[in-house]
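K.L.:
Structure below; questions to follow.
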Amino acid sequence: MKIGIIGAGIIANKVSGILSERWSEMLYAVASRDAARAQEFAARHGFKKAYGSYEELVCDPEVGIVYVATPHSHHFAHARLALMHDKHVICEKAFTANASEAKALIELAHNRGLFLMEAMWTRFMPITQKISDVLKSGIVGRPRILNASLCWSMTEIPRIKQSNLCCGALLDLGVYCLTFAHMYMGEDIVNINSNVVKGGDNVDWTSAISILYADGKIANLQCSACCYDKRGIIVCEQGRIEVDAVNWPTFMKVVDKNGNVIEEYHVPADEPSGYELEFLAAKEALEKGWTEHPLMPHSSTLHIMEIMDTVRKQWQITYPNDIQ
(Lines give C-alpha, C1' and ligand atoms only; values in the text may rest on other atoms or scores of the structure.)
Protein backbone atom coordinates (compact mmCIF):
# COMPACT_ATOMS: atom_id res chain seq x y z
CA MET A 1 0.00 0.00 0.00
CA LYS A 2 1.51 3.31 -1.13
CA ILE A 3 0.26 6.32 0.82
CA GLY A 4 -0.08 9.81 -0.61
CA ILE A 5 -0.63 12.54 1.98
CA ILE A 6 -2.55 15.73 1.23
CA GLY A 7 -1.34 18.40 3.65
CA ALA A 8 2.00 18.82 5.39
CA GLY A 9 0.92 20.26 8.72
CA ILE A 10 1.20 19.13 12.34
CA ILE A 11 -0.91 15.95 12.17
CA ALA A 12 0.63 14.83 8.86
CA ASN A 13 4.08 15.36 10.35
CA LYS A 14 3.22 13.35 13.47
CA VAL A 15 1.67 10.45 11.56
CA SER A 16 4.53 10.32 9.05
CA GLY A 17 7.12 10.34 11.82
CA ILE A 18 5.50 7.34 13.48
CA LEU A 19 4.93 5.38 10.27
CA SER A 20 8.49 5.99 9.09
CA GLU A 21 9.86 4.04 12.05
CA ARG A 22 8.37 0.66 11.09
CA TRP A 23 6.31 1.11 7.92
CA SER A 24 8.49 3.37 5.80
CA GLU A 25 7.70 1.35 2.66
CA MET A 26 4.14 2.73 2.82
CA LEU A 27 5.25 6.37 2.59
CA TYR A 28 5.21 7.28 -1.08
CA ALA A 29 4.12 10.88 -1.76
CA VAL A 30 3.21 14.13 -0.02
CA ALA A 31 1.56 17.23 -1.43
CA SER A 32 1.42 20.80 -0.17
CA ARG A 33 0.35 24.04 -1.79
CA ASP A 34 3.97 25.08 -1.18
CA ALA A 35 6.30 22.89 -3.26
CA ALA A 36 9.33 23.71 -1.10
CA ARG A 37 7.44 22.71 2.02
CA ALA A 38 6.45 19.41 0.41
CA GLN A 39 10.05 18.71 -0.60
CA GLU A 40 11.33 19.44 2.91
CA PHE A 41 8.61 17.23 4.41
CA ALA A 42 9.41 14.38 2.00
CA ALA A 43 13.12 14.56 2.78
CA ARG A 44 12.49 14.54 6.54
CA HIS A 45 10.27 11.46 6.49
CA GLY A 46 11.60 9.51 3.51
CA PHE A 47 8.80 10.04 0.98
CA LYS A 48 9.74 9.24 -2.59
CA LYS A 49 7.67 12.01 -4.18
CA ALA A 50 6.84 15.60 -3.27
CA TYR A 51 4.20 17.64 -5.09
CA GLY A 52 3.34 21.33 -5.05
CA SER A 53 -0.35 20.70 -5.73
CA TYR A 54 -2.91 18.18 -4.55
CA GLU A 55 -4.03 17.51 -8.11
CA GLU A 56 -0.56 16.24 -9.03
CA LEU A 57 -0.63 13.77 -6.15
CA VAL A 58 -4.03 12.27 -6.97
CA CYS A 59 -2.99 11.92 -10.63
CA ASP A 60 0.04 9.82 -9.69
CA PRO A 61 -0.86 6.21 -10.64
CA GLU A 62 1.45 4.84 -7.94
CA VAL A 63 -0.58 6.37 -5.10
CA GLY A 64 -2.81 3.64 -3.70
CA ILE A 65 -4.52 5.49 -0.88
CA VAL A 66 -4.77 9.18 0.01
CA TYR A 67 -4.58 10.42 3.58
CA VAL A 68 -6.32 13.79 3.94
CA ALA A 69 -4.65 15.85 6.68
CA THR A 70 -5.82 19.39 5.92
CA PRO A 71 -8.11 21.60 8.10
CA HIS A 72 -11.71 20.47 8.66
CA SER A 73 -12.98 23.08 6.20
CA HIS A 74 -11.13 21.31 3.38
CA HIS A 75 -11.70 17.64 4.22
CA PHE A 76 -14.71 17.33 1.92
CA ALA A 77 -13.07 18.97 -1.09
CA HIS A 78 -9.80 17.10 -0.76
CA ALA A 79 -11.35 13.70 -0.04
CA ARG A 80 -13.71 14.22 -2.97
CA LEU A 81 -10.79 15.16 -5.21
CA ALA A 82 -9.07 11.88 -4.35
CA LEU A 83 -12.23 9.79 -4.79
CA MET A 84 -12.94 11.39 -8.16
CA HIS A 85 -9.49 10.21 -9.24
CA ASP A 86 -10.33 6.68 -8.06
CA LYS A 87 -8.12 6.81 -4.98
CA HIS A 88 -9.03 5.14 -1.71
CA VAL A 89 -9.17 7.62 1.18
CA ILE A 90 -8.40 7.91 4.88
CA CYS A 91 -9.67 11.29 6.10
CA GLU A 92 -8.65 12.90 9.37
CA LYS A 93 -11.16 13.46 12.12
CA ALA A 94 -13.50 15.17 12.37
CA PHE A 95 -14.39 13.55 9.06
CA THR A 96 -15.99 16.63 7.52
CA ALA A 97 -17.44 19.94 8.67
CA ASN A 98 -20.99 18.62 8.76
CA ALA A 99 -23.15 15.54 8.18
CA SER A 100 -24.22 16.65 4.71
CA GLU A 101 -20.62 16.59 3.49
CA ALA A 102 -20.01 13.23 5.19
CA LYS A 103 -23.04 11.67 3.53
CA ALA A 104 -21.98 12.96 0.11
CA LEU A 105 -18.49 11.49 0.43
CA ILE A 106 -19.83 8.14 1.63
CA GLU A 107 -22.25 7.97 -1.30
CA LEU A 108 -19.49 8.90 -3.75
CA ALA A 109 -17.13 6.23 -2.40
CA HIS A 110 -19.90 3.64 -2.48
CA ASN A 111 -20.85 4.48 -6.07
CA ARG A 112 -17.24 4.25 -7.21
CA GLY A 113 -16.45 1.11 -5.20
CA LEU A 114 -13.69 2.82 -3.21
CA PHE A 115 -12.52 2.42 0.38
CA LEU A 116 -13.21 5.41 2.62
CA MET A 117 -12.50 5.71 6.35
CA GLU A 118 -12.37 8.32 9.08
CA ALA A 119 -8.97 8.30 10.82
CA MET A 120 -10.36 7.65 14.31
CA TRP A 121 -7.32 5.76 15.58
CA THR A 122 -8.87 5.01 19.01
CA ARG A 123 -11.22 2.47 17.45
CA PHE A 124 -8.33 0.26 16.38
CA MET A 125 -6.52 0.03 19.72
CA PRO A 126 -6.71 -3.35 21.49
CA ILE A 127 -7.58 -1.60 24.77
CA THR A 128 -10.81 -0.41 23.12
CA GLN A 129 -11.85 -4.03 22.59
CA LYS A 130 -10.68 -4.84 26.13
CA ILE A 131 -13.14 -2.30 27.54
CA SER A 132 -15.94 -3.77 25.43
CA ASP A 133 -15.06 -7.26 26.66
CA VAL A 134 -15.28 -6.14 30.30
CA LEU A 135 -18.72 -4.62 29.69
CA LYS A 136 -19.92 -7.74 27.89
CA SER A 137 -18.70 -9.95 30.73
CA GLY A 138 -21.13 -8.29 33.13
CA ILE A 139 -18.56 -8.22 35.93
CA VAL A 140 -19.60 -4.66 36.88
CA GLY A 141 -23.11 -4.84 35.47
CA ARG A 142 -24.63 -2.74 32.74
CA PRO A 143 -23.36 0.78 32.02
CA ARG A 144 -25.64 3.56 33.26
CA ILE A 145 -23.57 6.77 33.14
CA LEU A 146 -20.56 7.67 31.00
CA ASN A 147 -18.34 10.67 31.69
CA ALA A 148 -15.77 11.72 29.12
CA SER A 149 -13.58 14.83 28.97
CA LEU A 150 -11.04 15.96 26.45
CA CYS A 151 -9.67 19.38 27.21
CA TRP A 152 -6.45 20.72 25.78
CA SER A 153 -5.20 24.30 25.94
CA MET A 154 -5.15 25.34 22.28
CA THR A 155 -6.25 28.95 22.20
CA GLU A 156 -2.79 30.12 21.15
CA ILE A 157 -3.10 28.12 17.91
CA PRO A 158 -4.43 30.50 15.22
CA ARG A 159 -6.34 27.78 13.35
CA ILE A 160 -8.47 26.80 16.34
CA LYS A 161 -10.00 30.30 16.51
CA GLN A 162 -11.15 30.44 12.90
CA SER A 163 -14.74 29.73 11.94
CA ASN A 164 -13.77 29.83 8.25
CA LEU A 165 -11.61 26.75 8.89
CA CYS A 166 -14.51 25.04 10.73
CA CYS A 167 -12.58 24.97 13.97
CA GLY A 168 -13.25 25.24 17.69
CA ALA A 169 -12.99 22.54 20.34
CA LEU A 170 -15.86 20.30 19.20
CA LEU A 171 -14.48 19.06 15.89
CA ASP A 172 -10.92 18.84 17.22
CA LEU A 173 -11.56 17.36 20.67
CA GLY A 174 -15.23 16.68 21.22
CA VAL A 175 -15.28 14.14 18.40
CA TYR A 176 -13.18 11.85 20.64
CA CYS A 177 -15.66 12.16 23.53
CA LEU A 178 -18.56 11.41 21.20
CA THR A 179 -16.69 8.39 19.84
CA PHE A 180 -16.01 7.13 23.37
CA ALA A 181 -19.74 7.40 24.15
CA HIS A 182 -20.74 5.82 20.85
CA MET A 183 -18.52 2.78 21.35
CA TYR A 184 -19.85 1.93 24.82
CA MET A 185 -23.35 3.47 24.99
CA GLY A 186 -24.69 2.91 21.49
CA GLU A 187 -26.84 5.01 19.15
CA ASP A 188 -30.38 4.85 20.56
CA ILE A 189 -30.48 8.53 21.54
CA VAL A 190 -33.71 10.25 22.59
CA ASN A 191 -32.42 13.67 23.70
CA ILE A 192 -29.33 15.88 23.50
CA ASN A 193 -28.78 19.00 25.62
CA SER A 194 -25.67 21.16 25.62
CA ASN A 195 -24.07 24.38 26.79
CA VAL A 196 -21.19 26.31 25.27
CA VAL A 197 -18.75 29.13 25.98
CA LYS A 198 -17.63 30.80 22.76
CA GLY A 199 -14.39 32.46 21.77
CA GLY A 200 -12.33 33.37 18.75
CA ASP A 201 -14.36 33.96 15.59
CA ASN A 202 -17.65 32.64 17.05
CA VAL A 203 -16.32 29.13 17.65
CA ASP A 204 -16.85 26.86 20.65
CA TRP A 205 -14.17 27.23 23.32
CA THR A 206 -15.66 25.06 26.07
CA SER A 207 -18.77 22.89 25.98
CA ALA A 208 -20.76 20.30 27.90
CA ILE A 209 -23.05 17.81 26.15
CA SER A 210 -25.57 15.55 27.89
CA ILE A 211 -26.99 12.62 25.92
CA LEU A 212 -30.01 10.58 27.07
CA TYR A 213 -30.50 7.09 25.63
CA ALA A 214 -33.77 5.19 25.25
CA ASP A 215 -32.93 2.68 27.99
CA GLY A 216 -32.14 5.41 30.53
CA LYS A 217 -28.37 5.63 30.12
CA ILE A 218 -26.78 9.08 30.19
CA ALA A 219 -23.48 10.31 28.72
CA ASN A 220 -21.90 13.52 29.99
CA LEU A 221 -19.24 14.89 27.67
CA GLN A 222 -16.95 17.90 28.09
CA CYS A 223 -14.43 19.40 25.71
CA SER A 224 -12.42 22.60 25.92
CA ALA A 225 -9.62 24.44 24.18
CA CYS A 226 -8.84 26.32 27.41
CA CYS A 227 -7.81 23.72 30.03
CA TYR A 228 -6.52 20.17 30.50
CA ASP A 229 -8.28 16.86 31.12
CA LYS A 230 -8.72 13.65 29.15
CA ARG A 231 -10.22 11.04 31.47
CA GLY A 232 -13.13 8.70 30.87
CA ILE A 233 -15.32 6.80 33.34
CA ILE A 234 -18.07 4.30 32.60
CA VAL A 235 -20.25 4.00 35.69
CA CYS A 236 -22.02 0.65 35.85
CA GLU A 237 -24.56 -1.01 38.14
CA GLN A 238 -21.92 -2.84 40.17
CA GLY A 239 -18.79 -0.74 39.68
CA ARG A 240 -16.99 1.31 37.08
CA ILE A 241 -14.35 1.31 34.36
CA GLU A 242 -11.78 4.11 34.29
CA VAL A 243 -9.44 5.05 31.47
CA ASP A 244 -6.63 7.60 31.58
CA ALA A 245 -7.47 9.20 28.21
CA VAL A 246 -10.50 8.95 25.95
CA ASN A 247 -8.46 9.85 22.87
CA TRP A 248 -5.37 7.73 23.52
CA PRO A 249 -6.02 5.27 26.37
CA THR A 250 -2.93 3.58 27.79
CA PHE A 251 -4.42 2.38 31.09
CA MET A 252 -7.73 0.85 32.18
CA LYS A 253 -8.93 0.08 35.69
CA VAL A 254 -12.01 -1.94 36.65
CA VAL A 255 -13.38 -1.16 40.13
CA ASP A 256 -16.23 -2.92 41.97
CA LYS A 257 -18.99 -1.18 43.94
CA ASN A 258 -16.90 -1.30 47.14
CA GLY A 259 -13.95 0.44 45.54
CA ASN A 260 -11.85 -2.71 45.11
CA VAL A 261 -9.76 -2.92 41.94
CA ILE A 262 -10.82 -6.04 40.04
CA GLU A 263 -8.53 -5.64 37.08
CA GLU A 264 -5.90 -3.30 35.67
CA TYR A 265 -4.64 -3.24 32.12
CA HIS A 266 -1.66 -1.30 30.80
CA VAL A 267 -1.01 -1.04 27.08
CA PRO A 268 2.30 -2.82 26.34
CA ALA A 269 5.15 -0.45 25.55
CA ASP A 270 5.87 -2.25 22.27
CA GLU A 271 2.29 -2.18 21.00
CA PRO A 272 1.88 -0.32 17.69
CA SER A 273 0.41 3.14 18.06
CA GLY A 274 -3.14 3.92 17.04
CA TYR A 275 -1.82 5.74 13.98
CA GLU A 276 -0.06 2.59 12.83
CA LEU A 277 -3.10 0.44 13.58
CA GLU A 278 -5.49 2.59 11.56
CA PHE A 279 -3.25 2.39 8.49
CA LEU A 280 -2.79 -1.35 8.95
CA ALA A 281 -6.59 -1.61 9.15
CA ALA A 282 -6.86 0.27 5.86
CA LYS A 283 -4.30 -2.10 4.34
CA GLU A 284 -6.38 -5.06 5.54
CA ALA A 285 -9.49 -3.54 4.00
CA LEU A 286 -7.83 -3.00 0.63
CA GLU A 287 -6.48 -6.55 0.60
CA LYS A 288 -9.97 -7.91 1.34
CA GLY A 289 -11.77 -5.62 -1.07
CA TRP A 290 -13.76 -3.80 1.62
CA THR A 291 -15.12 -0.29 1.03
CA GLU A 292 -15.36 0.36 4.78
CA HIS A 293 -13.72 -1.18 7.83
CA PRO A 294 -15.99 -2.92 10.37
CA LEU A 295 -14.22 -1.15 13.26
CA MET A 296 -14.88 2.28 11.69
CA PRO A 297 -18.06 1.91 9.63
CA HIS A 298 -19.53 4.76 7.64
CA SER A 299 -22.71 4.65 9.72
CA SER A 300 -20.76 5.51 12.88
CA THR A 301 -18.99 8.43 11.21
CA LEU A 302 -22.29 9.81 9.94
CA HIS A 303 -24.01 9.32 13.33
CA ILE A 304 -21.35 11.36 15.15
CA MET A 305 -21.35 14.09 12.50
CA GLU A 306 -25.12 14.39 12.95
CA ILE A 307 -24.72 14.84 16.71
CA MET A 308 -22.15 17.59 16.17
CA ASP A 309 -24.53 19.32 13.75
CA THR A 310 -27.25 19.13 16.41
CA VAL A 311 -25.19 20.73 19.16
CA ARG A 312 -23.79 23.44 16.89
CA LYS A 313 -27.37 24.32 15.98
CA GLN A 314 -28.15 24.63 19.69
CA TRP A 315 -25.13 26.92 20.05
CA GLN A 316 -25.98 28.96 16.93
CA ILE A 317 -22.54 28.24 15.52
CA THR A 318 -22.36 27.85 11.77
CA TYR A 319 -19.49 27.28 9.37
CA PRO A 320 -19.21 28.48 5.76
CA ASN A 321 -19.45 24.79 4.76
CA ASP A 322 -22.96 24.62 6.26
CA ILE A 323 -24.32 26.88 3.51
CA GLN A 324 -25.25 24.53 0.70
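K.L.:
So what is the accessible area of the range 165-267 per residue, in Å², with the probe set to 1.4 Å?
P.N.:
Per residue, the range 165-267 has an accessible area of 42 Å².
K.L.:
With the chain treated as a Gaussian network of Cα nodes joined by springs under 10 Å, which of Asp172, Asp270, Asp256 yields the largest mean-square fluctuation?
P.N.:
So, out of Asp172, Asp270, Asp256, the one fluctuating most is Asp270.
K.L.:
Which whole number in µm²/s is D for the range 85-218 by Stokes-Einstein, with the Kirkwood Rh taken over Cα pairs at 4 °C and 1.567 mPa s?
P.N.:
Approximately 76 µm²/s, per Stokes-Einstein.
K.L.:
Testing the spin-label approximation: label points 7 Å from Cα along Cα→Cβ at Arg37 and Asp270. State their distance in nm.
P.N.:
3.9
K.L.:
Of all DSSP beta bridges in the range 198-324, what percent run antiparallel (nearest 5)?
P.N.:
100
K.L.:
Using a simple charge model, +1 on the beta-carbon of Lys and Arg, -1 on the beta-carbon of Asp and Glu, nothing else, what dipole does the chain show about its Cα centre, in debye to the nearest 20?
P.N.:
300
K.L.:
Can I ask one more? Largest first and to the nearest Å, give the Cα extent of the range 156-205 along each principal axis.
P.N.:
36, 18, 16
K.L.:
If you don't mind, another one. Counting Lys +1, Arg +1, Asp -1, Glu -1, what net charge surrounds Val311 among other residues with beta carbon under 15 Å of its beta carbon?
P.N.:
-2
K.L.:
Among the lysines in the range 1-128, how many pairs, 8 or more places apart or on different chains, have alpha carbons under 18 Å apart?
P.N.:
The result is 9.
K.L.:
Based on the alpha carbons, how large is the Rg to Rh ratio for the range 169-271 when Rh follows Kirkwood?
P.N.:
Checking Rg against Rh, the ratio lands at 1.01.
K.L.:
Continuing with this model, one more query. Given the alpha-carbon gyration tensor of the chain, what are the semi-axes of its equivalent ellipsoid in whole angstrom, ordered largest first, with each equal to the square root of 5 times an eigenvalue?
P.N.:
Semi-axes, largest first: 33, 23, 18 Å.
K.L.:
Share of the chain's accessible area from carbon and sulfur, percent, 1.4 Å?
P.N.:
Ligands and nucleic acids excluded, carbon and sulfur give 51 percent.
K.L.:
What is the extension gain from Lys2 to Lys14, computed as 0.36 nm multiplied by their sequence separation minus the C-alpha to C-alpha distance, in nm to one decimal?
P.N.:
Working it through step by step, the gained length comes to 2.5 nm.
K.L.:
Sticking with this one: Would you kindly calculate the mean projected area, averaged across all directions, of the convex hull enclosing the Cα atoms of the range 116-184, in square nanometres?
P.N.:
Dividing the Cα hull surface by four gives the mean projection, 6.4 nm².
K.L.:
Working out 0.36 nm times the residue gap between Arg144 and Asn202, then minus their Cα-Cα distance, what length gain in nm do you get to one decimal?
P.N.:
Full-extension gain reported as 17.5 nm.
K.L.:
Next up: Mind checking which of Leu295, Gly4, Gly200 is farthest towards the positive end of the chain's charge dipole, using Cβ charges of +1 (Lys, Arg) and -1 (Asp, Glu) about the Cα centre?
P.N.:
Result: Gly200, furthest along the dipole toward the positive end.
K.L.:
Please give, to one decimal in nm, the separation of the simple spin-label points placed at Lys103 and Ile157, each 7 Å out from Cα toward the Cβ.
P.N.:
Computed distance between label sites Lys103 and Ile157 equals 2.9 nm.
K.L.:
Dipole of the chain (Lys/Arg Cβ +1, Asp/Glu Cβ -1, origin at the Cα centre): which of Ile209, Ala29, Val15 lies farthest to the positive side?
P.N.:
Positive-end residue among those listed: Ile209.
K.L.:
Kindly express, to the nearest 10 degrees and within the range 0 to 90, the angle between helix 99-112's C-alpha long axis and the longest C-alpha principal axis of the chain.
P.N.:
60
K.L.:
Now for a separate question. For the chain, modelled as a Gaussian network with Cα springs under 10 Å, which listed residue fluctuates most, Glu187, Glu118, Glu271?
P.N.:
For the chain, modelled as a Gaussian network with Cα springs under 10 Å, the answer is Glu271.
K.L.:
I've got another one for you. Convex hull over the Cα atoms of the range 219-277, averaged projected area in nm²?
P.N.:
Directional mean of the projected Cα hull area for the range 219-277 stands at 5.5 nm².
K.L.:
Taking K and R as +1 and D and E as -1, what net charge do the other residues with C-beta under 15 Å from the C-beta of Leu286 add up to?
P.N.:
-2
K.L.:
Separate question: Using a Förster distance of 51 angstrom, determine the FRET efficiency expected from the C-beta separation of Ser210 and Glu25, and round it to 0.05.
P.N.:
With a Förster radius of 51 Å, E is 0.65.
K.L.:
Counting only DSSP beta bridges with both residues in the chain, tell me the antiparallel percent, nearest 5.
P.N.:
Around 60 percent antiparallel, to the nearest 5.
K.L.:
GNM on the chain, C-alpha springs below 10 Å: top fluctuator among Trp121, Trp205, Trp23?
P.N.:
Its mean-square fluctuation being the largest, the pick is Trp23.
K.L.:
Within the range 212-243, what residues put their amide N at less than 16 Å from the label point 7 Å along the Cα-to-Cβ vector of Asn260?
P.N.:
Residues 238-240 fall inside that zone.
The values are calculated or read from the model by the stated rules, or taken from the named source; none is laboratory data. Keep in mind it's a predicted model, so treat the numbers as computed, not measured. A quick note on method: Cβ atoms are made from the backbone with ideal geometry, for glycine too, and the neighbour counts reach across all protein chains shown. Protein only, heavy atoms only, side chains kept; ligands, DNA and RNA dropped before computing areas. Shrake-Rupley method; radii C 1.70, N 1.55, O 1.52, S 1.80 Å.
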